[in-house]
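A.B. asks: I'd like to ask you about the structure that follows.
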Amino acid sequence: MKAARIYVGVVIILVWGLAPFYWMAVTAFRDPRYTFDTTPWPTHVTLENFSNALSTSNGNNFIRAVINSLIIGGATTSIALVVGIFCAYALSRIDFRFKYMVVGVVLGASMFPVVALVTPLFQFFTNIGWIGSYQAMIIPNISFVLPLTIYTLAAFFAELPWELEEAARIDGAGRFQAFRLVMLPLAAPALFTTAILAFIAAVNEYLLASQLSSDKTEPVTVAIARFSGNDPHVVPYAAIMAAGTIVAIPLVIMVLIFQRRIISGLTAGGVKS
């Protein structure tokens, strides 16, 4: 009975998590005239919605929005990872004054509501002429994903054996050399996991991007929300579903391929030896 309850729970969680994506995919392949058909499997299958999503005839530029998201997500992830590595190493391996105050500041930054930053950032970036630029979205995104990066890596660095670093120091390596040559390679699973999670978080950001971007720099989340069809008074739900499917499928495939690395990175440092 216990095993049966576990399997039932797993099935419920899978249905709860995958049902929205499944319905999005079903609607994406359905004829626009049957968008609101409640049949739970694909009917009136067509690729017209994908063609409409990729078309620029109605003022949509989905491909450019995808490229913008890759630029914003890639830059955010790269900078947050570089800064987060050094911060996490310092917090987990070095004792210094006000260490726990720094940890508290990082925690506070992760809990700060995004909606409270929209107006101040909009005003500030307007004053310096950054509205509609990539940096107007990359810099706030860094502040959102950096706490995740620091906490994930700090937990991993804290559980790495001190003896490895001490042995490198005894052999003549400096602190930075020991970090670069010994500790950093061992942290590869955690780095990989953190990079994926940070990238997904940056790409999924919508609220700030909707206010700080322009037509040329808007990411895919904003572009999909602003989709327009042949009739300006009708929301093109089917094309929106198709665009969402195009964006979601590569992320799902990436997570499925690298799921073992992601799990190993998330659980690394979770159990003390």
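The values are calculated or read from the model by the stated rules, or taken from the named source; none is laboratory data. Keep in mind that what you see is a predicted model, and the values were worked out from it rather than measured. Cβ sites come from the backbone with ideal geometry, for glycine too, and all protein chains shown count toward neighbours. In case anyone asks, the SASA skips ligands and DNA or RNA and just uses the protein heavy atoms, side chains included. Shrake-Rupley method; radii C 1.70, N 1.55, O 1.52, S 1.80 Å.
A.B. asks: Please give the per residue accessible area of the chain, computed with a probe of 1.4 Å over protein heavy atoms only, in Å². It would help to have the intermediate numbers written out before the result.
C.D. replies: Working: 16010 Å² over 273 residues.
With the other protein chains kept in place, the chain gives 59 Å² per residue.
A.B. asks: A further question follows. Could you look at the chain and say what percent of its accessible area is carbon and sulfur, using a 1.4 Å probe and all protein chains?
C.D. replies: Details: 11200 of 16010 Å².
Roughly 70 percent, rounded to a whole number.
A.B. asks: Specify whether the C-alpha gyration tensor of the range 1-109 places it in the rounded, prolate or oblate class, a ≥ b ≥ c being the square roots of the eigenvalues: rounded for a/c under 1.5, otherwise prolate if a/b is larger than b/c and oblate if not. Provide the component values of the computation, followed by the final result.
C.D. replies: Values: a/c = 4.40, a/b = 1.54, b/c = 2.85.
Oblate is the answer for the range 1-109, as a/c is 1.5 or above yet b/c matches or exceeds a/b.
A.B. asks: Grab the other residues whose beta carbon is less than 15 angstrom from that of Met183, score K and R as +1, D and E as -1, and report the net.
C.D. replies: Within the 15 Å Cβ shell, the charges total -1.
A.B. asks: Between Val11, Val118, Val234, which gets the highest mean-square fluctuation from a Gaussian network model of the chain, Cα cutoff 10 Å?
C.D. replies: With Cα springs under 10 Å in the chain, the top fluctuation among Val11, Val118, Val234 is at Val11.
A.B. asks: Report, to the nearest 10°, how far helix 99-111 tilts away from the longest principal axis of the Cα atoms in the chain, using its own Cα long axis and a range of 0 to 90°.
C.D. replies: 0 degrees
A.B. asks: Also, I was wondering about something else. Tabulate in residue order the Karplus-calculated ³J(HN,Hα) for the range 81-92, using 6.51 cos²θ - 1.76 cosθ + 1.60 with θ = phi - 60°, rounded to whole Hz; enter x for Gly and Pro.
C.D. replies: 5, 5, 5, x, 4, 5, 5, 5, 5, 5, 6, 9
A.B. asks: For the range 93-153 and the range 176-255, write down the distance between their C-alpha centroids in whole Å.
C.D. replies: 18 Å
A.B. asks: Along the charge dipole of the chain, pointing to its positive end and built from +1/-1 on Cβ of Lys, Arg, Asp and Glu, which listed residue (Phe192, Ser213, Pro250) has its Cα farthest out?
C.D. replies: Among Phe192, Ser213, Pro250, the one farthest towards the positive end of the dipole of the chain is Phe192.
A.B. asks: Can you tell me how the chain classifies by the Cα gyration tensor, rounded, prolate or oblate, using a/c under 1.5 as the rounded cut?
C.D. replies: Oblate.
A.B. asks: Taking N as the number of residues in the range 58-194, what value does Rg over Cα atoms divided by 2.2 N^0.38 Å take?
C.D. replies: 1.30
A.B. asks: Helix 188-204 versus the longest principal axis of the chain: what is the Cα-based angle in degrees, 0 to 90, to the nearest 10?
C.D. replies: Relative to the chain, helix 188-204 is tipped by roughly 40 degrees.
A.B. asks: Let me ask something else about it. Classify the range 61-113 from the C-alpha gyration tensor, please: rounded if a/c falls under 1.5, else prolate or oblate depending on whether a/b exceeds b/c. Write out the running numbers ahead of the final one.
C.D. replies: Details: a/c = 6.78, a/b = 2.32, b/c = 2.92.
Oblate.
A.B. asks: How much net charge surrounds Asp31 when only other residues with a Cβ under 11 Å from its Cβ are counted (Lys, Arg +1; Asp, Glu -1)?
C.D. replies: 0
A.B. asks: Only helical DSSP H runs with n ≥ 4 go in: add -39500 (n - 2.57) per run for the chain, normalise by residue count and round the 222 nm mean residue ellipticity to 500 deg cm²/dmol.
C.D. replies: For the chain, the value works out to -22500 deg cm²/dmol.
A.B. asks: Can you give the accessible area of Leu191 in Å² (nearest 10), computed on protein heavy atoms with a 1.4 Å probe?
C.D. replies: For Leu191, solvent-accessible area is about 30 Å².
A.B. asks: Could you pull out the longest piece of the chain with no exposed loop trypsin sites (Lys or Arg not before Pro) in it, calling a site exposed if DSSP puts it outside H, G, I, E, B and it has at most 10 other Cβ atoms within 10 Å?
C.D. replies: 98-271
A.B. asks: If R0 is 51 Å, what FRET efficiency do you get for Arg180 and Ala19 from their C-beta distance, rounded to 0.05?
C.D. replies: About 0.65, to the nearest 0.05.
A.B. asks: Once the Cα atoms of helix 135-159 and of the chain are each reduced to a long axis, what angle between those two axes, in degrees from 0 to 90 to the nearest 10, is obtained?
C.D. replies: For helix 135-159, the angle is close to 50 degrees.
A.B. asks: A further question on this structure: Among Ala25, Ala168, Ala53, which one shows the highest mean-square fluctuation when the chain is modelled as a Gaussian network with alpha-carbon springs under 10 Å?
C.D. replies: Per the Cα network of the chain with a 10 Å cutoff, Ala168 tops the list.
A.B. asks: Under a point-charge model restricted to the Cβ atoms of Lys and Arg (+1) and Asp and Glu (-1), what is the dipole moment magnitude of the chain relative to its Cα centre, in debye to the nearest 20?
C.D. replies: Approximately 440 debye in magnitude.
A.B. asks: Given a 1.4 Å probe and the protein chains all in place, what does the accessible area of Glu163 round to, in Å² to the nearest 10?
C.D. replies: Around 120 Å² of this residue is reachable by solvent.
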